[in-house]
Each structure stands twice: as C-alpha cells, then as structure tokens.
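Participant: Have a look at the structure that comes next, please.
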Amino acid sequence: MRKTLINTIKRIDQILMPGFIGLFGDRPSLITILFHGLFNNRREIGMNIADPQQGITLEYFRRIIGYFSDNGYIFVSPDDIPDGLDMSKRYILITFDDGYFNNLNVMPVLKEFEIPAIFFISTNHVENGKAFWWDIIYRERVKKGISLERIAEEQEQLKSRTHDEIEAYIVANFSSNSLKPVSDIDRPFTPDELRAFSEEKYVFLGNHTSDHGILANYTEGGARSQILGAQKTLFEMTGLLPSAISYPCGSYTGEVIKIAKEIGLRSGVTVESRKNYFPIGPAGDDIMKLGRFTLWGGSDLIDQCRFYHSEFSLYKKYRTIRKRLK
C-alpha cells in the first residue's frame, strides 16, 4: 500500500515539477552528487560482473554533467567549499566512492566541460588489489539464481559488521579466491594507476577509509585507524593529503566527525538526500555531514535532476511529514 502511494506521488511530481520549479525557484545552495562504478555501456551492466548499483553508463554521466552545466550550476572542488562559496550562486560537487579503476573513463567528460570531481578511495583495496565485497555477493549470488531482492537483503545485513567480519563471511561462503577481481569492470585502481590518475588536472582524491569500514560499527580506536590509515596510505601512494572524507555507506557518528576533524579533514559527505544551503563554512559540524544525492541510470534523467534542484516536491513533503510522525 505504502509503495503504491509513493509511486503515485512520484508520478504526480513528474507532471508538476516544471511548474514547481517556476513557482518555488531554486535557492542558492551546494548540490553534491554520488557515483560509484561507471560502465562503458548497458552490455557491461548485463554481464553481472559487478553490482550495477546506480547503473550509470559513461553516456548517462555525460548527460548529467550537461544538464547541470546548461542550468547554470558552477562545478566546484572539495577545496573550494571550506574556503567559502558565493552565497548568491548555485554549485555542484561531483563525487565518486570506492576507487574503481573504471572511474578513469570519466576523464574525457571532465576535460570537455572543464570541471573537477573528487574520488574517494578505499586504500587497502587499491594496495592489495581486492574486489569490493558487495560486488562479490552480487556476482556469486546471481550465478546461483538468487533473486535481486534477496541479494540486496544480504548486502544490507552485512552493513552492520566491520570489514574483518564481512571478509570472514565472504571467505566462509565463497572461498578466499572470490576476493580477487575478475575484470577491469570490478577491480580497483592499482597504486601506480591511482598515482597517475591523481596527477590529472581535474582530479581530487578523498578519504574513504582503509577498508571501506562502515564507521559506526567500530570502536573509537577502530574508526580512527580506518580514517588515519587511508590518509597515510594515500599520501604514500600519491604525495597528496585528502581534505575531504566520504563515510562508507553514509555511516558516521559525532565521534567519527570529531576524529576526522582532528586528523585534518575539512569536509565530509553523507548519503542523506538533501541540498546544502548557505552558509557552509568551517565553523561547526555541518560541513562535515554534507547531503548528497544519488542518480539512477534506469530512471528518467530530467525528472531526477529537476527533483534534486527543485525547492518543492510532493514526495519531499511526504517524507518530511512521515519523519515528523515517527
């Protein structure tokens, strides 16, 4: 019943969204967009080598950049945010999580539009050439004919564990060989590739912990080790010290924010779907928990982009009411 209601509200939004934007406007703000792996085409997605996640192809990514560019958004780097943004303008920050080698394919688009992007790296995957656990679950379960719904449930359950616990689960269920990537589609960068990538003009690197550690599952010492370890390894690999962190799976606590700031990180991004209104500055913790939107390759691009930069939608209103009633 609830799903039917939500789908109905979203369909009405699609019809009325152009009018909402005209009526309610688009306030100055910072929008942050989340990406993970990037596929060359739909055929690569259908190979089931990696979890499609958002199902973003290179052409779809280019259309996203074109949309926001055509609509007057200014693309910024993570270093621009703590230094202060003009509060009369609209900005967008493009982010990629994890450290997939296939992120290299975005370079022609970044160069074409002359825009920066930040790539948050899980350093132990790069250093040790390990596959990402959610891809392993997806690939192995699809082979056995398990439904996508059950695969998603299994992945969600594992998010309550530390990396060591997840890896032990992977080995127990699929063997240690499953930790090896099977192609360029699912593998992370190598250290040499990441070093060369980091030297590109429009590329910024960010901290995504050593092991893609879901930080709320760790002790204070464990969380510090995950964040500091990634910071040190990225410096050793590239000579660069990240200024921003992406919390794996959006998981953070007040203690995690405190640790990140002590280590020297100046901003942090979550997976909370919201715009970031001004002022955004180094004072306080708001800059350490910036909202971030997710776009989906299987859904209409224009509808999604309108939804994210619109000041009003029926679905947003519905979510606000439900949150207040809980």
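Participant: Regarding region 189-253, what is the average projected area of its C-alpha convex hull, in nm²?
Facilitator: Averaged projected area of region 189-253's Cα convex hull equals 4.5 nm².
Participant: Provide the percentage of antiparallel DSSP beta bridges, counting only those with both residues in the chain; round to the nearest 5.
Facilitator: Working: 3 of 28 bridges.
Percent antiparallel among DSSP bridges in the chain is about 10.
Participant: Shifting gears a bit: Contour minus end-to-end for Asp83 and Phe113, with contour as 0.36 nm per residue of separation and end-to-end as the Cα-Cα distance? Each step should come with its number before you reach the end.
Facilitator: On the way: separation 30, 0.36 × 30 = 10.80 nm, distance 2.31 nm.
My answer for the length gained is 8.5 nm.
Participant: Normalise the Debye intensity by I(0) for the chain, one equal point scatterer per Cα, no solvent, then take log10 at q = 0.06 Å⁻¹ and round to two decimals.
Facilitator: With no solvent term, the Cα-only Debye profile gives -0.20.
Participant: Next question. With only alpha-carbon atoms in the gyration tensor, what are the semi-axes of the equivalent ellipsoid for region 218-273, in Å, largest first? List each step's numbers first, then the result.
Facilitator: Details: eigenvalues 67, 36, 20 Å².
They are 18, 13, 10 Å, listed largest first.
Participant: Could you tell me the ratio Rg/Rh of region 17-127? Both radii from Cα atoms, Rh via Kirkwood. Please report the intermediate quantities before stating the final value.
Facilitator: On the way: Rg = 15.8 Å, Rh = 15.6 Å.
Ratio of gyration radius to Kirkwood radius: 1.01.
Participant: Using a 10 Å cut-off on Cβ atoms, rank the peptides 186-197, 201-212 from the highest mean neighbour count down. Could you put the intermediate results ahead of the total?
Facilitator: Values: 186-197: 18.6, 201-212: 22.8.
Packing order, densest peptide first, comes out as 201-212, 186-197.
Participant: For region 161-299, report the translational diffusion coefficient in µm²/s to the nearest whole number, using Stokes-Einstein at 37 °C, 0.692 mPa s, and a Kirkwood Rh over Cα pairs. Please report the intermediate quantities before stating the final value.
Facilitator: Numbers: Rh = 16.6 Å.
For the chosen part, D equals 197 µm²/s.
Participant: What is the percent carbon and sulfur in the accessible area of the chain, measuring with a 1.4 Å probe over the protein chains and ignoring ligands?
Facilitator: On the way: 7670 of 14940 Å².
Carbon and sulfur together cover 51 percent of it.
Participant: Which value, to two decimals, describes the C-alpha radius of gyration of region 160-224 once divided by 2.2 N^0.38 Å?
Facilitator: 1.40
Participant: So how do 159-172, 265-278 stack up, highest first, on mean other-Cβ count within 10 Å? It would help to have the intermediate numbers written out before the result.
Facilitator: Numbers: 159-172: 15.2, 265-278: 18.9.
Taking the mean over residues of other Cβ atoms within 10 Å, the ranking is 265-278, 159-172.
Participant: Taking only the C-alpha atoms, wrap a convex hull around region 26-91 and report its volume per residue in Å³ as a whole number.
Facilitator: Working: hull volume 6.4 nm³, N = 66.
Enclosed volume per residue, from the Cα hull, is 96 Å³.
Participant: Also, I was wondering about something else. Taking the simple approach of a point 7 Å from Cα along Cα-to-Cβ for both Glu220 and Glu262, what is their distance in nm?
Facilitator: About 0.7 nm, to one decimal.
Participant: Taking the Cα atoms of region 91-146, report the difference between the largest and smallest coordinate on each principal axis, in whole Å and largest first.
Facilitator: The Cα atoms of region 91-146 stretch 44, 26, 20 Å along the principal axes, largest first.
Participant: Continuing with this model, one more query. What's the percent breakdown of Cα-Cα distances in region 62-160 across 10 Å bins, shortest bin first?
Facilitator: Here the calculated profile for region 62-160 is 12, 30, 28, 23, 6, 0.
Participant: Over the chain, calculate the relative contact order: mean separation of alpha carbon pairs under 8 Å at least 6 apart, over the residue count, as a percent. All intermediate terms of the calculation are to be shown ahead of the outcome.
Facilitator: Working: 564 pairs, mean separation 83.0, N = 326.
Worked out over the chain, it gives 25 percent.
Participant: Probe of 1.4 angstrom, ligands and nucleic acids ignored: what's the accessible area per residue over the chain, in square angstrom? Don't jump to the answer; show the numbers that get you there.
Facilitator: On the way: 14940 Å² over 326 residues.
Result: 46 Å² of accessible area for each residue.
Participant: Defining a contact as two alpha carbons under 8 Å apart and six or more residues distant in sequence, what relative contact order in percent does region 119-258 show? Working shown, then result.
Facilitator: Values: 182 pairs, mean separation 45.9, N = 140.
Worked out over region 119-258, it gives 33 percent.
Participant: Please tell me the relative contact order of region 24-124 in percent, rounded to the nearest whole number, where contacts are Cα pairs under 8 Å and at least six residues apart. Please report the intermediate quantities before stating the final value.
Facilitator: Details: 133 pairs, mean separation 36.4, N = 101.
About 36 percent, as a whole number.
The values are calculated or read from the model by the stated rules, or taken from the named source; none is laboratory data. Since the structure is predicted, the reported quantities are computational estimates derived from the model, not experimental observations. Positions of Cβ are generated from backbone atoms using ideal geometry, with glycine treated the same way; all protein chains shown enter the neighbour counts. Quick note on the areas: whole protein, heavy atoms, side chains included, nothing else; ligands and nucleic acids left out. Shrake-Rupley method; radii C 1.70, N 1.55, O 1.52, S 1.80 Å.
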